[in-house]
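Single-structure report; data block below.
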Amino acid sequence: MISISPLLPALTLGLGGMLLLVLGVTAKRTALQTANGGAMLFLLCAAAATLAAPDGVLFNGLLKTTLFTRFADTLIYIGAFTALVLSFDFNRKEGIARFEYPVLVLFAVLGMVVMVSANDLMSLYVGFELQSLALYIAAALARDSLRSTEAGLKYFVLGALASGLLLYGISLTYGFTGTTSFPAIAGLLTASVPTGALVGLTFVVVGLAFKISAAPFHMWTPDVYEGAPTSVSALFGTAPKAAAFALFLSVLTGPFGGLLKEWQPLIVILAVASMALGSIAAIMQTNIKRLLAYSSIGHMGYALIGFAAGTAAGYQASLIYVALYVVMSAGAFACVIAFRRQGQAVETIADLAGLGAERPGLALGLAIFMWAMAGIPPLSGFFGKLYVFLAAIDAGLLPLAIIGVLTSVIGAFYYLRVIKVMYFDAGKPGFDRASPGVNFIIGLGAVVTVLFIVAPSPLISAASAAAKALMG
């Protein structure tokens with residue numbers, strides 16, 4: 001007898017998305033309002049059902065629910081809900097407000113939830129592709145824009161390549177183990193490991209590294225972030241990052257958990273490459289969305305430091321870092337969405353000149369998120385980096401922690417450059433006022449970023465419990 005309780009989040013998202021799709025076609029006059037409100041309602045219901053779901057294994061081991069999956073799912077819901085709120089006013093002003101977008105968000109979140117809960121290589125791939133297909137379409141949402149269409153096409157082509165590499169790794173793993181079940185694979189890949197299984201592991205790592213945009217598999221990120229509508233870029237920078245990173249952790253500590261010595265060097269290489277590229281390449285950027293894209297690459301590198309440690313403390317530190325990054329990224333993209341001059345979106349860093357004098361609240365919000373991303377104390381970003389660096393040092397990865405500190409210093413330059421332009425460069429007046437929803441996201445994100453030092457215990461405790469469940 002299958003308990004329906006663990007299935008409620010996925011059922012809510014899937015059935016909710018199909019219901020909104022039908023309503024959008026049949027009730028055209030109110031389709032957009034219904035889809036926007038319905039998507040938010042279904043996300044909240046799915047989140048409540050997730051928090052109430054018990055631990056368990058579903059469908060003969062294809063899916064599982066644990067404290068770790070609930071932690072990751074919560075981050076996904078926060079990121080998706082925030083992106084939806086930011087999309088309402090932006091999409092309307094850009095003339096791309098269509099009921100299909102909230103539906104795509106629901107199906108993408110459904111794919112993310114399946115990914116995180118996967119306990120078998122087949123269910124992993126189903127969730128992976130469901131999320132990807134929805135996001136490919138979302139990237140090209142502004143179908144009359146050449147940039148958006150190009151972003152969707154680039155994401156689709158490179159995403160198909162990454163999916164192929166992941167599927168090849170899955171097929172090799174199945175070929176040399178005879179099973180796709182996570183627990184069964186973990187039981188087989190312990191002592192004598194076939195070379196083919198190691199090759200399969202490598203391809204799986206490459207496919208998953210693409211999804212978190214870790215260098216050198218980052219090539220899609222800057223172009224897609226810049227070309228996609230900013231509301232969609234805000235989605236890319238939050239929920240999918242949390243989902244893909246959680247999946248990365250789940251796969252390498254689960255079926256490949258006995259191969260720590262084999263995959264640890266791969267994670268170290270990805271971390272170093274991502275931190276270096278994210279810190280150096282962003283210096284040359286003039287578009288703030290491209291800057292945030294390279295910033296996301298660097299931040300995934302920092303999150304991978306704790307992952308590379310291969311310890312419970314390291315996994316806990318990575319989860320804390322990803323959670324804080326979701327908040328910082330959502331806040332930063334909310335600021336970018338708020339940047340409009342005489343009805344036109346502003347994306348160039350130089351165009352932010354004079355913002356500090358004309359819109360001091362908005363400038364302060366972006367300054368807080370830039371300071372936090374740079375890792376300047378006492379903001380939350382500093383503590384996120386501190387946790388992963390300490391975990392690496394405790395695991396004997398001192399050189400990796402040193403590289404992380406050095407790249408943080410380099411990366412601080414381009415974050416502080418944005419602040420300098422806002423407050424010290426003279427610019428044109430005429431910045432528009434942001435919508436209440438956007439201001440709410442900026443304010444809430446800024447408060448969490450600043451006051452994390454006051455009450456860090458809830459997040460630390462939740463991440464600790466999630467890390468133990470991951471290893472357990």
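Rounded to the nearest 0.05, what FRET efficiency do Ala48 and Glu100 have when you use their Cβ-Cβ distance and R0 = 25 Å?
For R0 = 25 Å, the calculated efficiency reads 0.45.
Could you size up the charge dipole of segment 277-472 around its Cα centre, putting +1 on the beta carbon of Lys and Arg and -1 on that of Asp and Glu, and report it in debye to the nearest 20?
Dipole size: approximately 220 debye.
With only alpha-carbon atoms in the gyration tensor, what are the semi-axes of the equivalent ellipsoid for segment 177-309, in Å, largest first?
Gyration-tensor ellipsoid for segment 177-309: 31, 15, 11 Å.
Using θ = phi - 60° and the Karplus form 6.51 cos²θ - 1.76 cosθ + 1.60, what ³J(HN,Hα) does each residue of segment 32-49 get, whole Hz, x for Gly and Pro?
5, 4, 5, 5, 5, x, x, 5, 5, 5, 5, 5, 5, 5, 5, 5, 4, 5
Using the Kirkwood radius over C-alpha pairs as Rh, can you work out the diffusion coefficient of segment 24-126 via Stokes-Einstein at 4 °C, viscosity 1.567 mPa s, in µm² per second?
Here the translational diffusion coefficient equals 88 µm²/s.
At R0 = 60 Å, how high is the FRET efficiency between Ser192 and Asp144 if r is their beta carbon distance? Nearest 0.05 is fine.
0.55
Any chance you could check the Cα centroid distance between segment 385-413 and segment 47-120 for me, in angstrom?
31 Å
So if each residue of separation counts as 0.36 nm, and I subtract the Cα-Cα distance between Ser171 and Ala184, what length gain in nm does that give?
Stretched fully, the Ser171-Ala184 segment lengthens by 3.2 nm.
Can you grab the distance from the C-alpha centre of segment 252-283 to the C-alpha centre of segment 141-219, Å, no decimals?
Spelled out, the Cα-based centre of one part sits 15 Å from the other.
Give the accessible surface of the chain per residue, rounded to a whole number of Å², with probe radius 1.4 Å and ligands, DNA and RNA excluded.
The answer is 37 Å² per residue.
Multiply the residue separation of Phe413 and Ala160 by 0.36 nm, subtract the distance between their alpha-carbon atoms, and state the gained length in nm to one decimal.
Here the answer is 87.6 nm.
Given charges of +1 on the Cβ of Lys and Arg and -1 on the Cβ of Asp and Glu, with all other atoms neutral, how large is the dipole of the chain about its Cα centre, in debye to the nearest 20?
580 debye
So how much accessible area does Phe413 have, in Å² to the nearest 10, using a 1.4 Å probe?
The value for Phe413 is about 110 Å².
Specify which residue in the list Gly196, Phe99, Leu153 is farthest towards the positive end of the charge dipole of the chain, using unit charges on the beta carbon of Lys, Arg (+1) and Asp, Glu (-1), about the Cα centre.
Checked the options; the winner is Phe99.
Can you tell me what percent of all Cα-Cα pairs in the chain are more than 33 Å apart?
Above the 33 Å cut-off, the chain has 32 percent of its Cα pairs.
On the full set of protein chains, 1.4 Å probe, figure out the accessible area of Thr177 and give it in Å² to the nearest 10.
Counting only protein heavy atoms, Thr177 exposes about 30 Å² to solvent.
Shape verdict for segment 103-230, please, from the Cα gyration tensor: rounded (a/c under 1.5), prolate (a/b greater than b/c) or oblate.
prolate
Dipole of the chain (Lys/Arg Cβ +1, Asp/Glu Cβ -1, origin at the Cα centre): which of Gly17, Ile460, Ala309 lies farthest to the positive side?
Comparing the listed Cα positions along the dipole, Gly17 ranks first.
With r as the distance between the Cβ atoms of Asn287 and Leu444 and R0 = 22 Å, compute the FRET efficiency 1/(1 + (r/R0)^6) and round to 0.05.
0.25
At q = 0.10, 0.12, 0.19 Å⁻¹, what log₁₀ I(q)/I(0) does a Debye calculation on the Cα points of segment 277-472 give, no solvent, two decimals?
-0.42, -0.59, -1.25
Need one word for segment 401-472: rounded, prolate or oblate. Basis is the Cα gyration tensor (sqrt eigenvalues a ≥ b ≥ c); a/c below 1.5 gives rounded, then a/b vs b/c decides.
Cα axes put segment 401-472 in the oblate bin.
Which lysines, if any, have their Cα less than 30 Å from the Cα of Lys428, not counting same-chain residues under 8 positions apart?
Correct list for Lys428: Lys93, Lys289, Lys420.
Rank these by accessible area, largest first, 1.4 Å probe: Asp394, Asp89.
Asp394, Asp89
Spelling out what I want: for every residue of segment 380-387, take phi, set θ = phi - 60°, compute 6.51 cos²θ - 1.76 cosθ + 1.60 (Karplus), and round to whole Hz; glycine and proline get x.
Karplus-based 3J(HN,Hα) across segment 380-387 equals 4, x, 4, 5, x, 5, 4, 4 Hz.
Between Leu386 and Gln344, how many nm apart are label points set 7 Å from Cα along the C-beta direction?
Going by the 7 Å Cα→Cβ label model, 4.5 nm.
Considering the options Ser408, Gly365, Gly427, tell which one lies farthest towards the positive end of the dipole of segment 277-472, charges being +1 on Lys and Arg and -1 on Asp and Glu at the Cβ, about the Cα centre.
Result: Gly427, furthest along the dipole toward the positive end.
For the pair Met18/Asp425, report the inter-label distance in nm, with labels modelled 7 Å from Cα in the Cβ direction.
5.1 nm
Restricted to Cα positions, what overall size does segment 311-357 have along the principal axes? Three whole-Å values, descending.
Over segment 311-357, Cα extents along the principal axes are 51, 17, 16 Å.
Please return the longest stretch of the chain lacking exposed loop sites, where trypsin sites (Lys or Arg not before Pro) count only if DSSP places them in a loop and at most 15 other Cβ atoms lie within 10 Å.
Here the longest segment lacking exposed loop sites spans 144-432.
Take Trp371, Trp263 and sort them by solvent-accessible surface of the protein heavy atoms, 1.4 Å probe, largest at the top.
Trp371, Trp263
Measuring from the lowest to the highest alpha carbon on each principal axis, how far does segment 25-79 reach, largest first, in angstroms?
That works out to 43, 24, 16 Å along the principal axes.
Please turn the phi angles of segment 456-470 into ³J(HN,Hα) values with the Karplus equation 6.51 cos²θ - 1.76 cosθ + 1.60 (θ = phi - 60°), one per residue in order, whole Hz, x for glycine and proline.
For segment 456-470, the Karplus curve yields x, 4, x, 5, 5, 5, 5, 5, 5, 5, 5, 5, 5, 5, 4 Hz.
Could you put Thr190, Thr82 in order of accessible surface area, largest first, with the 1.4 Å probe and the full protein assembly present?
Output order, biggest surface exposure first: Thr190, Thr82.
The values are calculated or read from the model by the stated rules, or taken from the named source; none is laboratory data. Quick caveat, the model's predicted, so the values are computed rather than measured. Methodologically, a virtual Cβ is constructed for each residue, glycine included, from the backbone with ideal geometry; neighbour enumeration extends over all protein chains shown. In case anyone asks, the SASA skips ligands and DNA or RNA and just uses the protein heavy atoms, side chains included. Shrake-Rupley method; radii C 1.70, N 1.55, O 1.52, S 1.80 Å.
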